[in-house]
Every structure is written in C-alpha cells, then in structure tokens.
C-alpha cells in the first residue's frame, strides 16, 4: 500500500508511522507540485489540506481509495469527481474548538476595551480615558452552528456570564446554550445577539445564508464575527451593512476570495477587524489532527470499526 501526503507531518510522526506500519510506503511531500507522478499513480491513500486537490489531481491517482483531509474545510474538494470514483472521504472536524473559541473571545475582549483605539493612542503618546466602556457581562452572543466549535465558544462565553443563543438545523438542545433556535428562525435569533458568530461550513445550503435580510435583522450595535467560511456570507451585503451602520462592526477571518483583494473596501473600514484565516491555527494543530488519521488508518487496514468524520459526499459534510 502506498500513502501519499501533500503536507508535512514532521519527522517524529513519520517515524511513528513507519515503525507501526512497515508494510506501507509513506511518501511525504510539502507541496502537491513536488509530488512524484509515479507516487500519485500508485497512491491508494492521499493526505491533503484540501485546497490543493482538484479534478486533475484525482484523475492522476487511478488507484485512490481514500482521501483524508487534514482540515475541517472540505468545500474546495471536487465532490463530483470523488463521487464518480466512489472515494472514501474523511476529515478532522472537532479539533478546532479550542483555538477558534479562544480567537472569538479574544476578539470580543478586544472590542470590550476598544483595544485598537488604545493602541493608536499609545503610538501617538496620547493619555485619554473613556468612562463608559461596555461590559460583556449579560450581553447576548448568538452562534450560528452548535457543533464542536460553536459549543466551545458558548462554553467560554458562559464563563463571562454571557447569554448564549445557538442556531442549528432542528432546534435540538446543546450544552452551554441557554436557548436554541432552528435555522428556519435564523432572523429572530440574530435579532437578539449583541455578538453574532458564524461557524457554519460551506455547503450548497449554507452558501450566502447571511445576506441583506439577515444583517437588517441584527441590532444596529451588533458585532459580527465570521470564522466559518467566507462564502456563507454575502460579502457585498456585509460591506453595505457596515457602511450604512446597519450593524456596529465586524471581525472577519474568512472571505469570499482569499487572500482578500487589496481593493476590497473592508481593508479601509474603521469598524472592521481583519485576520488572514488564522482563527483555527495553533501549535497543537497536528497533535490533534494526527490521531484522527491514525485511528482511521487502522479502520481502513483492518476493514472493521467506524471511521471518524466520514463525509457524506452528497451532503458534503
């Protein structure tokens, strides 16, 4: 069996794989463009972050049986091709709760003390106090998506005595949420939030699910945080909502086009905080992702047990 990876897993983890599975040929690369064509041709299993894998890559792997995405985001993968070839797809959903929830609370706390205004004062040696900073105590956070990420955000928000509202498909209750709304009640749930956090992945159903109507449903002081996928939001509607003060501001880690084009109005907006798709990154990323691959590899070899995070190719999650 040959396993090809277009990402580095580190020498320590590679040595572990080789010692545990001496009958497997592991071919580890750091870039899909550097992968040997013969290795691709013989690959039965492919490890990728997903963004480098298109129809041509899959076509160059005639023996491919299983693709494991070492990322949660799988929206860039060629699903029609994977379905055509009946390829097993798994990912690492569940590993991002801690880093992304820390990012979200960091953003909220920065907003709490208006940290960027204070930093500008510091650079200009200005001593200026403000007396009416708004506490996040008893504020309401509305989280779109109550999976592992949304749940971890709600857990941390409760530590700050915030009210937590969640939105999911069927209104099923989830720990750490005070109230749950079905996705059909999206606008109502959005209207209650002081902070709105979008965590949903990109699927056919979620594409541009947050648009003009949804922004108009929010409070004019609402702070919108997007750590899900850029294309789940109508970016033009977001820009207009920010320009017209329909909402109070936004912290954006994901965008319709990445990198964010330099001519995007978002760069110049004083009520917008931009980060380059880093909310899920952490020094512990591979330590959390690697055991999922190991477990799934064992299931694949033994042909028994259940895969972690097996993706439904029709639903795309």
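Values as computed for the structure displayed
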{"quantity": "From the options 106, 97, 171, 147, residue that is closer than 30 Å to residue 309 by Cα and touching a helix residue (DSSP H, G or I) at 6+ places or on another chain (Cβ under 6 Å)", "calculated": "97"}
{"quantity": "Some residue of the stretch 254-272 being touching a residue at least 40 places away in the same chain (Cβ under 8 Å) and either buried (at least 21 other Cβ atoms within 10 Å of the Cβ) or touching a helix residue (DSSP H, G or I) at 6+ places or on another chain (Cβ under 9 Å) (or both)", "calculated": "no"}
{"quantity": "Selection count, the stretch 43-70, where residues are without any contact (Cβ under 8 Å) to a residue 12 or more places away in the chain and touching a helix residue (DSSP H, G or I) at 6+ places or on another chain (Cβ under 7 Å)", "calculated": "0"}
{"quantity": "Residue in the stretch 287-297 that is out of contact with any strand residue (DSSP E or B) (no Cβ under 7 Å at 6 or more places or on another chain) and more than 30 Å from residue 17 (Cβ to Cβ) present", "calculated": "no"}
{"quantity": "Residue that is modelled with the highest pLDDT, among those in the stretch 24-48 that are buried (at least 18 other Cβ atoms within 10 Å of the Cβ) and part of a loop (DSSP other than H, G, I, E, B)", "calculated": "43"}
{"quantity": "Pick from the stretch 100-123, criterion under 21 Å from the mean Cα position of the chain (by Cα) and free of Cβ contacts under 8 Å to residues at least 60 places away in the same chain, ranking: nearest to residue 150 (Cα to Cα)", "calculated": "101"}
{"quantity": "Residue within the stretch 228-236 that is part of a loop (DSSP other than H, G, I, E, B) and under 21 Å from residue 50 (Cβ atoms) present", "calculated": "yes"}
{"quantity": "Flag for residue 273 being farther than 28 Å from residue 104 by Cβ, at pLDDT 95 or above and not in a helix (DSSP H, G or I)", "calculated": "no"}
{"quantity": "Strands (runs of 3 or more DSSP E) enclosed by the stretch 163-223 - at least 3 residues per element that are surrounded by fewer than 16 Cβ atoms within 10 Å (Cβ to Cβ)", "calculated": "none"}
{"quantity": "Candidate set from the stretch 91-100 (those that are on the phi < 0 side of the Ramachandran plot and in a loop (DSSP other than H, G, I, E, B)); member that is surrounded by the fewest Cβ atoms within 10 Å (Cβ to Cβ)", "calculated": "93"}
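Residue-by-condition table, conditions (1) surrounded by 12 or more Cβ atoms within 10 Å (Cβ to Cβ); (2) outside any helix (DSSP H, G or I):
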{"residue": "102", "(1), (2)": "yes, no"}
{"residue": "105", "(1), (2)": "yes, no"}
{"residue": "117", "(1), (2)": "yes, no"}
{"residue": "122", "(1), (2)": "no, no"}
{"residue": "127", "(1), (2)": "no, yes"}
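Each row is one residue, and each column tells you yes or no for (1) in the same structural domain as residue 294 (by TED's automatic domain parsing); (2) assigned to a loop (DSSP other than H, G, I, E, B); (3) modelled with pLDDT under 95.
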{"position": "53", "(1), (2), (3)": "yes, yes, no"}
{"position": "56", "(1), (2), (3)": "yes, no, no"}
{"position": "62", "(1), (2), (3)": "yes, yes, no"}
{"position": "68", "(1), (2), (3)": "yes, no, no"}
{"position": "72", "(1), (2), (3)": "yes, yes, yes"}
{"position": "75", "(1), (2), (3)": "yes, yes, yes"}
{"position": "82", "(1), (2), (3)": "yes, no, no"}
{"position": "86", "(1), (2), (3)": "yes, yes, no"}
{"position": "89", "(1), (2), (3)": "yes, no, no"}
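The values are calculated or read from the model by the stated rules, or taken from the named source; none is laboratory data. Not measured: the values here are computed from a predicted model. Every residue, glycine as well, gets a Cβ built from its backbone with ideal geometry; the counts of neighbours run over all protein chains shown.
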